[in-house]
Amino acid sequence: MEWSLERVREIVAGGMQSMRDCESSAFGTAMCLLLLFVWYCYRVGREHSSSPLRGGYSAEPSRVGGGGVALISTEGDGRAKGRPASSAEEQNNFAYCQSTECFRCTNTGEGLNQRLYHSLQDYAKRYTWSGMGRVHKGVRDQGRYLNSRATIQRPEVFFLPDLPSSPFFSRDAQKHDVELLERSFPALLAEFENIYHAPPARAGSSLPPGWKANSTPHGQWWTFYLVNQGTPLALNARRCPRAWRVLGQLRTFIANNVFGNAYFSVLTPGALITEHYGPTNVRLRCHLGLKVPSSCELVVGGEPQCWSEGSCLLFDDSFLHRAFHEGDPDDGPRVVFMVDLWHPNVAAAERQALDYIFTPGR
């Protein structure tokens, strides 16, 4: 429910009058506490906006700033904002982020650590320090955590201490969202077919509108983002209304910070995504298999797993991981719908603080 300032004032005034007219001091105290609670809810609601996925999408992305992959390019034509696209950019969209604000591209060190700590202090002043023990510990000792991690798990940007670690997680870790995605398999597959087989975005391009080609040593890896580093892509969302609706129904989708992404991912036969680490251990990557030929595999922390059509795989991408498609050309591409979900052991208060600290553009 939304409260206007005038309405809140009317309630407060009415309550104060009731307290003056009431002979019972206990009732007056209870009314006072209730009115203070109403006022607090009003203030928090004004300051802390809801997820952009709840209100649909607008003509432009709902956030501007930050850097990262989505923030240097428009959704439809593969151009970096303010300068023409080159063939190299189209073939490797991840290599041309030039923003000093991008968390993935900023070198870890005292500069980043200080920015994170100042953001945490600002959050605590606005809200509370309650439940911030692990976040405070992680921000305070971030440099030590990142430099001392074993090579099998080494997040590039932020490590939250004392979280259970495992390369793969059971589907029960986020059961509601896993089951919702699997029930949505037919709709997501149909929507993928529509955007994948659309005509090229422009003359001379092999990519349909909204798709990006990423750098691989061999083969092709294409992605179609709906949310990229916490920033919704409005044009792509319009092309996939059912997928967008599914995102809005997920309970644990990371929709409000730079660690949240949602996209269709395509590997052609012969493609390899080389070993790399994700940015943080506070999330689980969820892959819903849409098209899975034989000879496709995901290896996380040295443990291999195979996708299955209509089923989800949950893994911690802060572990060293790679993916490949060794099938024949006639096998067709491997296709998954990928979303970033909160690690189940990150508490609600910690999620809210991390959303604040890692807001795109902060």
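Summary of values
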| quantity | calculated |
| --- | --- |
| Among residues of segment 280-309, those that are out of contact with any Gly (no Cβ under 9 Å at 6 or more places or on another chain) and of a type in the set (Asp, Glu), counted | 2 |
| Subset of segment 235-279 [farther than 19 Å from GLN174 by Cα, open to solvent by 10 Å² or more (accessible area, probe 1.4 Å) and part of a loop (DSSP other than H, G, I, E, B)] | VAL258, THR268, PRO269, GLY270, TYR277 |
| Count - residues of segment 117-157 that are over 20 Å from ASP317 (Cα atoms) and assigned to a loop (DSSP other than H, G, I, E, B) | 7 |
| Failed item in (1) surrounded by fewer than 17 Cβ atoms within 10 Å (Cβ to Cβ); (2) under 28 Å from PRO333 (Cβ atoms); (3) modelled with pLDDT of 90 or more, with SER206 passing the rest | (3) |
| Flag if HIS176 is open to solvent by 60 Å² or more (accessible area, probe 1.4 Å), farther than 30 Å from GLY111 by Cα and at pLDDT 95 or above | yes |
| Among (1) under 16 Å from the mean Cα position of the chain (by Cα); (2) closer than 22 Å to LEU207 by Cα; (3) open to solvent by 50 Å² or more (accessible area, probe 1.4 Å) - the single one GLN352 does not satisfy | (2) |
| Index of the failed condition, PRO186 passing every other in (1) part of a helix (DSSP H, G or I); (2) open to solvent by 60 Å² or more (accessible area, probe 1.4 Å); (3) more than 22 Å from LEU267 (Cβ to Cβ) | (3) |
| Qualifying positions in segment 143-165 - open to solvent by less than 40 Å² (accessible area, probe 1.4 Å) and touching a residue at least 24 places away in the same chain (Cβ under 8 Å) | GLY143, LEU146, GLN153, PRO155, VAL157, PHE158, PHE159, LEU160, PRO161, LEU163 |
| Residue ranges of strands (runs of 3 or more DSSP E) in segment 280-323 with at least 1 members open to solvent by 20 Å² or more (accessible area, probe 1.4 Å) and free of Cβ contacts under 8 Å to residues at least 40 places away in the same chain | 296-300, 303-305 |
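The values are calculated or read from the model by the stated rules, or taken from the named source; none is laboratory data. All values reported here derive from a predicted model rather than from experimental measurement. When we count neighbours, we look across all protein chains shown, and the Cβ atoms used for this are built from the backbone with ideal geometry, even at glycine. Just the protein is used for accessible areas: all its heavy atoms, side chains included, with ligands, DNA and RNA removed. Shrake-Rupley method; radii C 1.70, N 1.55, O 1.52, S 1.80 Å.
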